[in-house]
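Working notes, structure below.
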């Protein structure tokens with residue numbers, strides 16, 4: 001029998017994943033809306049000014065990326081808000097959380113896009129292989145660093161939400177911003193990389209986004225741990241697949257071969 | 001016939017002279033204590049499997065624990081070994097009971113191996129400490145644990161310096177109803193009573209008429225090394241017994257009151273044998289979860305497996321499903337009472353409907369009319385700010401949302417089997433701090449100046465903060481979420497309704513510790529909230 005807890009989690013999970021899926025579909029069918037800096041660079045021999053993308057379209061494209069890639073990791077915080085808010089305030093609190101969260105990512109996005117464009121222009125080639133390689137190295141180092149672990153841990157940090165009035169609104173907004181801050185601290189390098197992946201083909205950009213998404217979702221499944229240098233990847237997702245496959249193949253739990261006696 | 005039978009530690013008066021099982025336990029513990037921390041067969045390694053503060057310098061860092069026992073904090077095993085075995089204990093989880101069952105069996109195998117080497121019985125099994133046992137003494141720790149010397153005048157490995165007891169004076173007893181009755185001049189503010197009331201639950205995970213959330217065995221979680229909400233058996237008696245036996249004194253907490261030191265105290269395993277026995281008793285009438293997520297354990301969702309070192313040095317990997325049946329594991333208890341017979345859920349509902357004045361509905365329910373089951377939870381009120389708990393406790397106000405309160409009040413005013421009255425729950429959210437030995441009792445609308453123990457009718461419940469420190473670490477496995485507690489205040493709210501006192505915008509919540517909270521404890525309740533559970 002499904003517990004109340006499981007039922008309420010499912011009620012959050014389904015719409016959030018739906019929103020994410022919708023954003024992915026838009027990205028796939030409307031490539032012009034995506035942020036492929038190399039398109040600009042290719043058209044102008046590597047010196048295309050930012051003006052070709054209006055700032056509004058840049059912002060919209062970035063927001064679409066955030067919605068597609070980040071929504072799945074917001075299931076738990078949204079569940080927290082839902083559980084801890086009055087029924088009649090839930091939608092409003094979740095909206096305020098989302099605004100706070102998105103606001104942080106939009107600011108970070110501005111910085112990342114500026115860096116990406118700067119790197120693309122500085123690499124003096126139609127395809128920013130050098131820039132992509134540099135960022136890939138940087139992302140790998142960040143991925144293994146203790147600071148990354150600290151950010152990941154804070155993504156699971158407790159939140160105390162006021163229940164009434166303006167205080168509740170402020171807390172929801174603040175929760176979104178705090179969560180966004182640690183999320184951006186954890187994921188910025190993984191988000192920068194897809195911006196610099198050489199294209200064409202166009203799908204290489206989408207593939208890079210998809211890989212980053214799997215990594216981001218998977219590492220969020222890991223439990224918080226003491227910050228230290230460590231290789232972090234999609235280990236949990238891979239372990240789940242292996243364990244579940246084994247269970248289905250053996251149609252029962254794995255048993256130890258060692259006798260107790 | 002099971003090969004291994006666990007017996008009552010109070011057999012033979014709980015003394016070495018008349019209870020050979022205890023004497024062999026002491027000798028086995030002595031052998032394990034003589035081994036190095038890095039040896040998977042050592043006492044210290046096994047304690048670290050539960051939880052550890054090996055690398056911490058200040059107390060409760062193991063290096064700072066005053067003897068006896070002389071706790072080994074070095075040499076640590078190679079990193080792969082401690083990552084494989086240490087810090088596994090499952091708390092605030094539906095894995096609490098099965099993980100600890102495997103842990104007991106593994107420890108027992110080590111002790112038995114040492115006992116056999118010393119010429120003892122081949123079928124040695126752990127004794128259990130049944131603090132609810134009949135008679136005037138079983139609520140106290142068996143005497144074998146309190147004496148400093150064994151009969152041969154060697155040091156007693158079962159004796160531990162940091163075991164303060166509920167009054168902080170080294171007198172170790174459990175404040176069960178019997179225990180409290182034997183201590184009429186209670187020096188404390190109020191005892192949180194250790195009870196077996198969770199044995200009347202009939203749901204392992206979840207809630208129903210007889211079962212408070214999150215259920216008898218705990219909430220559905222992944223791998224859970226502390227943090228969150230304890231299951232009902234885990235909360236009381238398990239957590240309370242830990243905090244009371246360990247206690248605190250002289251600025252230190254007792255070993256038993258913190259999961260990172262608890263298994264250093266040999267009484268730990270007797271306490272857990274009793275918890276395991278209660279689970280086995282409960283299973284005489286109730287089932288464990290059938291979900292694959294429980295049966296296959298956290299390893300099936302890509303997390304750490306449950307693994308113990310055997311005396312052979314080989315790892316033993318087990319799942320909760322492997323722990324389902326004691327008899328299949330070749331274990332038995334000398335006494336396994338059936339869980340207390342309780343009124344069927346329908347009778348309980350009929351009684352409540354009667355109390356609320358819905359006599360016709362009560363009659364229909366008694367005659368077998370089905371009662372609608374809806375377990376929707378809805379926030380009804382909350383405190384405004386975090387509440388620090390210091391000294392003699394703290395008081396706060398929970399403000400109620402008028403709309404939700406009216407919905408709840410309406411369900412009490414005109415209840416029926418189709419629209420049963422709401423249940424009302426009080427949550428202590430994100431309790432954080434460093435004082436695991438604290439036991440907090442929560443009172444609703446206690447008059448100012450009233451002596452809490454005089455008002456059991458206003459008591460929402462008592463909780464122990466066992467596991468508080470590790471659950472509060474920002475970089476711990478639950479990111480410093482702290483502990484959560486759920487208390488049933490339905491009866492209190494029913495009474496307010498009948499006294500026509502429910503038309504209120506606030507409830508006053510008073511938190512009373514059983515002993516003064518030390519200044520450095522830094523206990524904070526993130527928020528106190530009230531939920532209605534109903535249609």
Relative contact order, percent, chain B [alpha-carbon distance under 8 Å, six or more residues apart]: 17
Ascending count of other beta-carbon atoms within 10 Å, so fewest first, for A:137, B:89, A:151: A:137, A:151, B:89
Gain upon complete extension [residue A:57, residue A:248; 0.36 nm per residue less C-alpha separation]: 64.1 nm
Residue B:351-residue B:292 pseudo-label distance in nm [points 7 Å out on the Cα-to-Cβ vector]: 4.1
Cα centroid separation, the stretch B:1-77 to the stretch B:504-524 (Å): 35
Normalised contact order of the stretch B:293-346, rounded percent, pairs of Cα under 8 Å and 6 or more residues apart: 25
Angle in degrees between helix B:96-117 and the longest Cα principal axis of chain B, rounded to the nearest 10: 20
Separation in nanometres of the label points that stand 7 Å from Cα toward Cβ, at residue B:327 and residue B:453: 4.5
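Please give the calculated 222 nm ellipticity per residue for chain B, where each DSSP H segment of at least 4 residues contributes -39500 (n - 2.57) and the sum is spread over every residue; nearest 500 deg cm²/dmol? Present the calculation step by step, with values, prior to reporting the outcome.
Working: 13 runs with 128 residues, N = 535.
Dividing the helical sum by the residues of chain B leaves -7000 deg cm²/dmol.
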Shape category assigned to chain B from the gyration tensor of Cα positions, a/c cut at 1.5: prolate
Ranked list, fewest to most other Cβ atoms within 10 Å of each Cβ, for A:205, B:497: B:497, A:205
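Arrange B:205, B:211 by Cβ neighbour counts within 10 Å, fewest through most, would you? All intermediate terms of the calculation are to be shown ahead of the outcome.
Details: B:205 25, B:211 21.
Exposure proxy ranking, most exposed first: B:211, B:205.
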The stretch B:167-316: C-alpha gyration tensor shape, a/c 1.5 cut-off, then a/b vs b/c: oblate
Full-extension gain in nm, residue A:241 to residue A:211, via 0.36 nm per residue minus C-alpha separation: 9.2 nm
Between helix B:20-33 and chain B: long-axis angle, C-alpha atoms, 0 to 90°, nearest 10: 70
Shape category assigned to the protein assembly as shown from the gyration tensor of Cα positions, a/c cut at 1.5: oblate
Mean Cα-pair separation over length for the stretch B:1-153, i.e. relative contact order, pairs under 8 Å, 6 or more apart, %: 32
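Each reported figure results from applying straightforward, stated rules to the coordinates on display, with no laboratory input. The structure presented is a predicted model; accordingly, all values stated were derived computationally and were not measured. We place every Cβ from the backbone using ideal geometry, glycine too, and count neighbours over all the protein chains shown.
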